[in-house]
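Here's the structure we're looking at; comments come further down.
The values are calculated or read from the model by the stated rules, or taken from the named source; none is laboratory data. In this text, all values refer to a predicted model and were calculated from it rather than measured experimentally. FYI the Cβ positions are ideal-geometry reconstructions off the backbone, even for glycines, and counts take in every protein chain you see.
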Amino acid sequence: MIYMDHNATTPCDRRVLEEMLPYFSDKFGNPSSLYQPARTAKKAVDRAREQVAALLGCSAEEIFFTSGGTEADNWAIKGCAAKSKGRHIITSKIEHHAVLNTCKSLEKNGYELTYLPVDRYGVVDIEELQKTIKKETFLITVMHANNEIGTIQPLKEIAGMAKEKSIYFHTDAVQTTGKIPVSVKDLGVDMLSLSGHKFYGPKGVGALYVSKGVKISPFMHGGEQEKGRRGGTENVAGIVGIGKAAEIATAEMEEEGRKVKLLRDKLENGIKERIPEIVINGHPQQRLYNTLNLCIKHIEGEGILLHLDFEGICASSGSACTSGSLEPSHVLLAVGLPHEIAHGSLRLSLGKHNTEEEVDRVIEVLPGIAAKLRQMSPFWNQK
Ligand code: PLP
């Protein structure tokens, strides 16, 4: 199998798994209890909080564990809305559905939403952002890097604008945390969402960074866990896992990034040379080093995926949440691609275990698949 869908999920690092395993059995204590095994579990959770904080360059008290990126996004946005007097939120058209659908639910409840347009590379329109800020705006939420096309947003600039007007700024950094350096202080964000399974940690665990002094209401009402802001017995093994994954990422991401970028560039150039009439999506430079999103004109992304699967190659036609639906990706439509081109999208997202041989194999089989599908395509034959 050749796995090139790391933006959907990554395999759990063996070192992470080993660290987690004792917390399912031998070290099973509930961190809230008052005896030795509980203290062991509590210590492990505290350590993981330090490890995640070190990855983001913040203090451990600013890290709150969640069940993943989706919960962190929901919490940041709804928690902020519940505490604010304002009624206006600014976001972008290309956010992940965890943000978009949270915003839409608030819209149904009477909040006013602005969905910022993006340019053809997927970069948000900063001038438009400046114009849309108003007295009632209490939150700007713009993702760090897009999961489909990999474009990285100018967060520092956006944070500067938000700060100037005393508006909270949240970013969904699920696709960047653990892949590229993410410093919450450098970026100037008030809240940031991350998810363990995107950087070789376990699924079902994430975190929300909440800068000291930022007022958001609790998301889960329950016990006093997470300083009373997120009730529920901690997912100790998962938290230990995300901590270890953060520690590994801190130490290894730079080296890994260099290696993966070389492979991605080789893949991109090889495909460009061998398949005519394709569109490469995302920003040419300000893009995640592991992501290649392209549209092969006159064919359907789903058809490409089925043929790749037959060859043992795992890829995606967009985000995992929209695959299976016949609607083209909202991200590709937002960057201005017409429906018929957006339908032919393919996302190959690489990771640390990919090899040059695997890249060569994809470059070898993809042109044949494209040619075969094009032969069957009425649009190609009408040309
Ligand atoms: N935000 C982005 C940008 C993502 O790519 C994802 C996952 O695909 C999420 C949020 C949701 O994260 P999780 O799967 O941990 O709920």
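Among the residues making up the range 105-125, a single one is part of a strand (DSSP E or B) and among the acidic types (Asp, Glu): Glu112. Within the range 230-253, the set of residues being touching a residue at least 24 places away in the same chain (Cβ under 8 Å) and exposed (fewer than 14 other Cβ atoms within 10 Å of the Cβ) comprises Thr233 only.
Among the residues of the range 91-114, those identified as β-branched (Val, Ile, Thr) and free of Cβ contacts under 8 Å to residues at least 60 places away in the same chain are Thr91, Thr102, Thr114. Test each condition in (1) at pLDDT 95 or above; (2) closer than 28 Å to Glu19 by Cα; (3) in contact with a strand residue (DSSP E or B) (Cβ under 6 Å, 6 or more places away or on another chain); (4) within 16 Å of the ligand (Cβ to nearest atom) for Gly238 and report the one that comes out false. It is condition (3) that Gly238 fails. From the list Ala53, Ala72, Ala81, the lone residue that is within 15 Å of Asp172 (Cα to Cα), touching a strand residue (DSSP E or B) at 6+ places or on another chain (Cβ under 8 Å) and assigned by TED's automatic domain parsing to the domain that holds Thr151 is Ala72. In this entry, Ser166 is excluded by the filter for residues that are in the same structural domain as Gly238 (by TED's automatic domain parsing), over 20 Å from the mean Cα position of the chain (by Cα) and within 16 Å of the ligand (Cβ to nearest atom). Condition first: away from the ligand (no atom under 16 Å from the Cβ) and crowded, with 20+ Cβ neighbours inside 10 Å. Can you find one or more residues in the range 60-73 that meet it? Yes, the range 60-73 contains at least one residue that is away from the ligand (no atom under 16 Å from the Cβ) and crowded, with 20+ Cβ neighbours inside 10 Å. For the range 269-294, a residue qualifies if it is within 12 Å of Val362 (Cβ to Cβ) and surrounded by fewer than 18 Cβ atoms within 10 Å (Cβ to Cβ), and the qualifying residues are Gly270, Arg274.
Taking the range 286-315 as the range and being modelled with pLDDT under 95 and in a strand (DSSP E or B) as the test, no residue passes. Residues in the range 125-154 that are away from the ligand (no atom under 14 Å from the Cβ) and crowded, with 24+ Cβ neighbours inside 10 Å: Leu139, Ile140.
The residue list Glu50, Glu107 contains one member that is touching a Leu at 6+ places or on another chain (Cβ under 6 Å), modelled with pLDDT of 95 or more and surrounded by fewer than 20 Cβ atoms within 10 Å (Cβ to Cβ), which is Glu107.
Residues of the range 169-183 that are touching a residue at least 60 places away in the same chain (Cβ under 8 Å) and within 16 Å of the ligand (Cβ to nearest atom): His170, Asp172, Val174, Gln175, Thr176, Thr177, Gly178, Lys179, Ile180, Val182. Any residue at all in the range 88-104 that is touching a helix residue (DSSP H, G or I) at 6+ places or on another chain (Cβ under 9 Å), within 16 Å of the ligand (Cβ to nearest atom), β-branched (Val, Ile, Thr) and assigned to a loop (DSSP other than H, G, I, E, B)? Looking for residues that are touching a helix residue (DSSP H, G or I) at 6+ places or on another chain (Cβ under 9 Å), within 16 Å of the ligand (Cβ to nearest atom), β-branched (Val, Ile, Thr) and assigned to a loop (DSSP other than H, G, I, E, B), one finds at least one in the range 88-104, hence yes.
Evaluating Gly122 against the criteria (1) crowded, with 19+ Cβ neighbours inside 10 Å; (2) over 26 Å from Pro284 (Cα atoms) leaves one unmet condition, (2). Restricting attention to the range 191-229, the residues being surrounded by fewer than 24 Cβ atoms within 10 Å (Cβ to Cβ) and more than 14 Å from the ligand (Cβ to nearest atom) number 17. Among residues of the range 11-35 that are without any contact (Cβ under 8 Å) to a residue 12 or more places away in the chain, those with a Cβ under 8 angstrom from a residue that is surrounded by 15 or more Cβ atoms within 10 Å (Cβ to Cβ), sequence gap 6+ or separate chain, pair up as Tyr35/Gly29. For the range 185-200, the condition of being over 24 Å from Ser92 (Cβ atoms) and β-branched (Val, Ile, Thr) holds for none of the residues.
What residue, of Ser59, Ser32, Ser25, is at pLDDT 95 or above, in contact with an Asp or Glu (Cβ under 8 Å, 6 or more places away or on another chain) and either on the phi < 0 side of the Ramachandran plot or basic (Lys, Arg) (or both)? Exactly one residue qualifies, and that residue is Ser32. Residues of the range 6-35 that are within 16 Å of the ligand (Cβ to nearest atom) and either touching a Leu at 6+ places or on another chain (Cβ under 8 Å) or among the polar types (S, T, N, Q) (or both): His6, Asn7, Thr9, Thr10.
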